Amino acid sequence: MPASPRTARAINDRLALRLLQSEGPLTAGQLKELTGLSRPTVADLVDRLTAQGLIEVVGEAGSRRRGPNAKLHGIVTGLAHLAALDVRTEGVTLAVADLVGTVLAEASVPVDAEDSTGAAVERAVALVERTAEEAGAAPLHTVAIGAPGLIDPVTGELRDSSGLPEWHRRLVAALHERLPARVLVENETNLAALAEQRDGAARDRDTFALLWLGHGIGAAVVLDGVLRRGASGGTGEIGFLPVPGTAGLPSATDCDGGFHSLAGSAAVTELARAHGLVAPPVAPGEPAAAALVRDAVTADAGTPAARFLDALAGRLVLGAASVVAVLDPGCLVLAGEVGRAGGDRLAGLVAARLSAMSPLPTEVRPTALGGGAVLRGALLMARDGAQEDLFAPTDTL
């Protein structure tokens, strides 16, 4: 059954808006070429979207071109403003952006372990309010939060999880109460995978797995272009994976004895110490393991640092091989601060060990985004959510 004129217009409008989102400002001629629509249909949708306040003329395609097709049309960036938060145990990092994701302001605030829950929440909420106001982005339309822990797939809320500060969960509720904005929450490793898929190491892959190597350990799975969260939101809780080489087994409430005990930052730092290495000074919030790995990747073969890096690869491949055996993703991204510090050298060591352990061909790539992937992923989620709301089809009889 053919689509009604109203449905056809709505489909064309959404297509044009998505192209303007992904490609940037376009002329009517470029929209015609990319959509395959007729010139009159494109002219009609441009007029319609302009009248709705969704797009505007932002310039010309070139100084030598004149006429209607030379005008560049772009999304009205000030139609809504967004905020993205990367929530860690030690503090919060924030980015405020316009509707197409252009960052207008960035800020961060530390949270001391001795701070009360109320003080930590107030500090984080005040950071969001103040930064948005100073950037001229208040009121915010959508706020996206990346946090460690499990996200309830039904409610979309951060679940009560042992080991996480209480202020993490309270922050979500406080933002709901204080801001006239939609608040979205996602697991930090899942957001890192979203960022690597859109802007990073997995841009050419619709199926891959991401192994997050930072203070803690996590994994994310993208199959056929879709992020998979699992029945309880726990896909990728690889820190609980039982592996050889640990002193015990993990429990339902503690990942000690699991893969975390081999590959978490504290374990990696201890492994380096066993090889006679001492962590150099690190940037605030950076895992000591990242600094150790960054120094080791430049070490000559046969040195203690090179032996440490090889031993680390031997640990990482235990988790990597388990993921590959179950999912056969074809590509594994080593992400997080440690993954970025290890770069191509660590990825190569893991790939060599993996090829010897598994018959499934798997390319191992280092992150292109490092620790900033979580914030980038949160910004992408906020942008997608806001555009989905604002670009919803309207009755255009």
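The values are calculated or read from the model by the stated rules, or taken from the named source; none is laboratory data. Since the structure is predicted, the reported quantities are computational estimates derived from the model, not experimental observations. Note that each Cβ is placed from the backbone with ideal geometry, even for glycine, and that neighbours are counted across all protein chains shown. Note: areas computed on protein heavy atoms with side chains; ligands, DNA, RNA excluded. Shrake-Rupley method; radii C 1.70, N 1.55, O 1.52, S 1.80 Å.
Per residue, how many Å² of accessible area does the chain show with a 1.4 Å probe?
Counting only protein heavy atoms, the per-residue value for the chain is 45 Å².
Report ³J(HN,Hα) in whole Hz for each residue of the stretch 322-338, in order, from the Karplus equation J = 6.51 cos²θ - 1.76 cosθ + 1.60 where θ = phi - 60°; Gly and Pro get x.
For the stretch 322-338, the Karplus-derived couplings read 5, 4, 5, 4, 8, 9, 6, x, x, 8, 10, 9, 8, 10, x, 4, 6 Hz, x marking Gly and Pro.
Give the label of the value calculated from the structure for mean projected area of the Cα convex hull in nm², choosing from (1) 18.3; (2) 23.8; (3) 17.2.
Checked against the structure: label (2).
Please list, short to long, the whole-number percent of alpha-carbon pairs of the stretch 15-129 in consecutive 10 angstrom bins beginning at zero.
13, 33, 20, 15, 13, 6, 1
Ignoring ligands, DNA and RNA, please state the percent of accessible area on the stretch 115-248 from carbon and sulfur, probe 1.4 Å.
Whole-percent figure for carbon plus sulfur exposure: 49.
If I take every Cα pair under 8 Å that is 6 or more residues apart in the stretch 5-75, average their sequence separation and divide by the length, what percent do I get for the relative contact order?
Normalised by residue count, the contact order of the stretch 5-75 is 38 percent.
What is the local net charge at residue 218, summed over the other residues whose Cβ is closer than 9 Å to its Cβ (Lys, Arg +1; Asp, Glu -1)? Walk me through the numbers on the way to the answer.
Values: positive: none; negative: 188, 237.
After counting each charged neighbour, the total is -2.
I need the semi-axes of the equivalent ellipsoid of the stretch 5-75: take the C-alpha gyration tensor, multiply each eigenvalue by 5, square-root it, list largest first in whole angstrom.
19, 12, 11
Could you tally the net charge around residue 115, taking each other residue with its Cβ under 13 Å from the Cβ of residue 115, Lys/Arg +1 and Asp/Glu -1?
On the way: positive: 123, 170; negative: 90, 112, 114, 122, 166.
So the environment of residue 115 carries a net charge of -3.
log10 I(q)/I(0), Debye, Cα-only the stretch 281-397, no solvent, q = 0.11, 0.15, 0.19, 0.21 Å⁻¹?
Computed log10 I(q)/I(0) values: -0.48, -0.74, -1.01, -1.13.
Per DSSP H run of at least 4 residues, take -39500 (n - 2.57); add these up for the chain, divide by its residues and hand me the 222 nm value, nearest 500 deg cm²/dmol.
-14000 deg cm²/dmol
In the chain, if the dipole is taken from +1 on Lys/Arg beta carbons and -1 on Asp/Glu beta carbons about the Cα centre, which of 240, 81, 153 is farthest to the positive end?
Most positive-ward Cα: 81.
For the stretch 294-397, which whole-number percentage of the solvent-accessible area (1.4 Å probe, protein heavy atoms only) is attributable to carbon and sulfur atoms?
Carbon-and-sulfur percentage of accessible area, whole number: 55.
If amide H atoms are built 1.01 Å from N in the plane of the peptide, which residues on other chains or at least 5 residues away come under 5 Å of the amide H of residue 218?
212
Multiply the residue separation of residue 4 and residue 358 by 0.36 nm, subtract the distance between their alpha-carbon atoms, and state the gained length in nm to one decimal.
122.2 nm
Mind computing the radius of gyration and Dmax over the alpha-carbon atoms of the stretch 201-368? Å is fine for both.
Here Rg and the maximum Cα pair distance are 15.2, 46 Å.
Less than 13 Å Cβ to Cβ from residue 141, Lys/Arg counted +1 and Asp/Glu -1: what total charge do the surrounding residues give?
-2
Rounded if a/c is under 1.5, else prolate if a/b is larger than b/c, else oblate: which is the stretch 84-218, with a ≥ b ≥ c the root eigenvalues of its Cα gyration tensor?
Because a/c hits 1.5 or more and a/b fails to exceed b/c, the stretch 84-218 counts as oblate.
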